[in-house]
Amino acid sequence: MASRAGLILPCLEATEPERPPPVLTSDLHEEIFLRVASPSDLARASAACVSFRRLIGDPPFLRRHRSIHPPLLLGFISSAGFQPAEAPHPSAAVARAVARAADFSFDFVPRPTSSNHWHPCDARGGLVLVDCRRFTEADGKERLSLDLAVCDPLSRRYLLLPPMADDLLASVELQNQDMFNSGASFVPSGGMEDETSFSVMCWMHSETKLVVFFFSSGSVHWTVGTSATWDDLGLHEQVDSLGSCQCAYGCFYWKVDYTNRLLKLDMGTMELCTYELPPDHDDGDIVIVEAGEGQIAMFSQLGAGTSVEYYNLLQNGTDKSHEWHMKSTIPLPAQYTSECYIRGPAGGYIFLAGTPKEQDVGDPAFFSLEIESFKIEMVSRKTFPFRYALPYFGFPPSMSPRRIQGYEVVSILS
């Protein structure tokens, strides 16, 4: 009897050769690593093998990564040095590494004289703008000299900015001996400059007028931006000083100290104007922030208290008048009271300082307040003896750009 055994078909899996796993090209690895937001995770990935370390350490990759992921809040700087973020803040580990690697004494920047010291007046993206105010005597008259430098505490590179030329001051009818006060700030690039570019704004005022100057890292001299008399701005009484400078939607704002007025500089038109602040803000501290759709808002702190007030600025119809409306009151952490310190905005935050309500129960502390959510988070203890401190944002030492490079150092020593 014939066998009915059927033909046994060979198993396809047994006949096909085993396929190797797909190979990830360096381009794919780069796209994957660009999506790693945590610097610590990226550092661990770079330690996995030589090819990963070479890719992650490549300057073009680091530039792309920094363009996608904003710098980290690492702590606060003042004339007393650097106060790094502390656990449980997410940047604490990176902040400790930066504190070990950087020089926040600014002693690597040559001093104008041996008796003068540099003081930080602004910080942005790892760079620090430092100033030195000194009085000298010429022709029997006392004159104020303002020296400025931009430096990188990590790389210890610096650029000494040139002094204001006498003919430049004369062109706006301002002389050194007329200067009553001055200040300086970085100008936000808005993404229009590369990593090695920066701009600085300096404002000087006398008893009668305010003048604003600009300096670009691609230039070798200052230029005049705008000027106005206090009378033209409706500030008929002597202006003693201006508060910290803040930028929102391409405009700079200063609170005129000891008054209820806010000074605005529109960078597009170079026009100066003033706003009235809400009542009782003569001695208060404020921070101007972006509120969406081109509107600005304000965080306000009136004296030592337990909360921060949030105002919207609304325009009334077509008459271009403006009115502040208080929208929220944000309480500080329950065990703290305000130290009358409020700074920002930077990185989507403003910054506060608080003192424990009860003595010997804790240390004064710095807090961040997220502008969109009003979430308050402790950043570090406050060990500075000074009220004035600046939030410092940056990257881990291995990822930090060499921001000051290729520029001739311009001496301001005379």
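Details
- Given (1) modelled with pLDDT of 90 or more; (2) exposed (fewer than 14 other Cβ atoms within 10 Å of the Cβ), number of the condition Pro278 does not satisfy: (2)
- Matching residues, the stretch 339-372, being more than 16 Å from Val287 (Cβ to Cβ) and of a type in the set (Ser, Thr, Tyr): Thr355
- Scanning the stretch 303-335 for residues that are among the small types (Gly, Ala, Ser) and in a loop (DSSP other than H, G, I, E, B) yields a total of 5.
- Residue pairs whose Cβ atoms lie under 7 Å apart, sitting 6 or more positions apart in sequence or on different chains, and linking a residue in the stretch 368-391 that is surrounded by fewer than 19 Cβ atoms within 10 Å (Cβ to Cβ) to a partner that is hydroxyl-bearing (Ser, Thr, Tyr), are Glu370/Tyr349; Phe374/Ser328; Glu377/Ser368; Phe386/Ser78; Phe386/Ser79; Arg387/Tyr341; Tyr388/Ser78.
- Leu233 falls short of the stated requirement of being over 19 Å from Leu127 (Cβ atoms), touching a residue at least 60 places away in the same chain (Cβ under 8 Å) and of a type outside the set (Ser, Thr, Tyr).
- Annotation: Thr226 fulfils all but one of (1) surrounded by 15 or more Cβ atoms within 10 Å (Cβ to Cβ); (2) in contact with a Cys (Cβ under 9 Å, 6 or more places away or on another chain); (3) of a type outside the set (Gly, Ala, Ser); the unmet one is (2).
- The one condition in (1) surrounded by fewer than 14 Cβ atoms within 10 Å (Cβ to Cβ); (2) out of contact with any Cys (no Cβ under 9 Å at 6 or more places or on another chain); (3) modelled with pLDDT of 90 or more that Gly268 fails to fulfil: (2)
- In a residue-by-residue description of the stretch 75-89, the property of being without any contact (Cβ under 8 Å) to a residue 40 or more places away in the chain, surrounded by fewer than 20 Cβ atoms within 10 Å (Cβ to Cβ) and touching a strand residue (DSSP E or B) at 6+ places or on another chain (Cβ under 9 Å) applies to at least one position.
- For the stretch 42-53, a tally of residues being farther than 13 Å from Ser398 by Cβ and assigned to a helix (DSSP H, G or I) returns 3.
- For Pro70, the conditions (1) at pLDDT 85 or above; (2) part of a loop (DSSP other than H, G, I, E, B) all hold with the exception of (1).
- Test: residue in the stretch 310-319 that is surrounded by 13 or more Cβ atoms within 10 Å (Cβ to Cβ) and closer than 30 Å to Gly362 by Cβ: yes
- Residue match in the stretch 57-65 (condition: more than 25 Å from the chain's Cα centre (by Cα), closer than 30 Å to Asp103 by Cβ and modelled with pLDDT of 80 or more): yes
- Within the stretch 109-130, residues that are of a type in the set (S, T, N, Q) reach partners that are in a strand (DSSP E or B) with beta carbons closer than 7 Å, at six or more positions or on different chains, in the pairs Thr113/Arg134; Asn116/Cys132; Asn116/Arg134.
- Selection status of Leu169, in a loop (DSSP other than H, G, I, E, B), at pLDDT 85 or above, in contact with a helix residue (DSSP H, G or I) (Cβ under 9 Å, 6 or more places away or on another chain) and surrounded by 13 or more Cβ atoms within 10 Å (Cβ to Cβ): no
- The strands (runs of 3 or more DSSP E) found entirely in the stretch 346-414 that carry 3 or more residues being at pLDDT 70 or above and in contact with a Lys or Arg (Cβ under 9 Å, 6 or more places away or on another chain) are 349-356, 365-370, 390-394.
- The criterion of being of a type outside the set (Val, Ile, Thr) and either surrounded by 13 or more Cβ atoms within 10 Å (Cβ to Cβ) or under 20 Å from the mean Cα position of the chain (by Cα) (or both) does not hold for Arg54.
The values are calculated or read from the model by the stated rules, or taken from the named source; none is laboratory data. Because the structure is a prediction, the values reported are computed rather than measured. Glycine also receives a Cβ, built like all others from the backbone with ideal geometry; neighbour counts cover every protein chain displayed.
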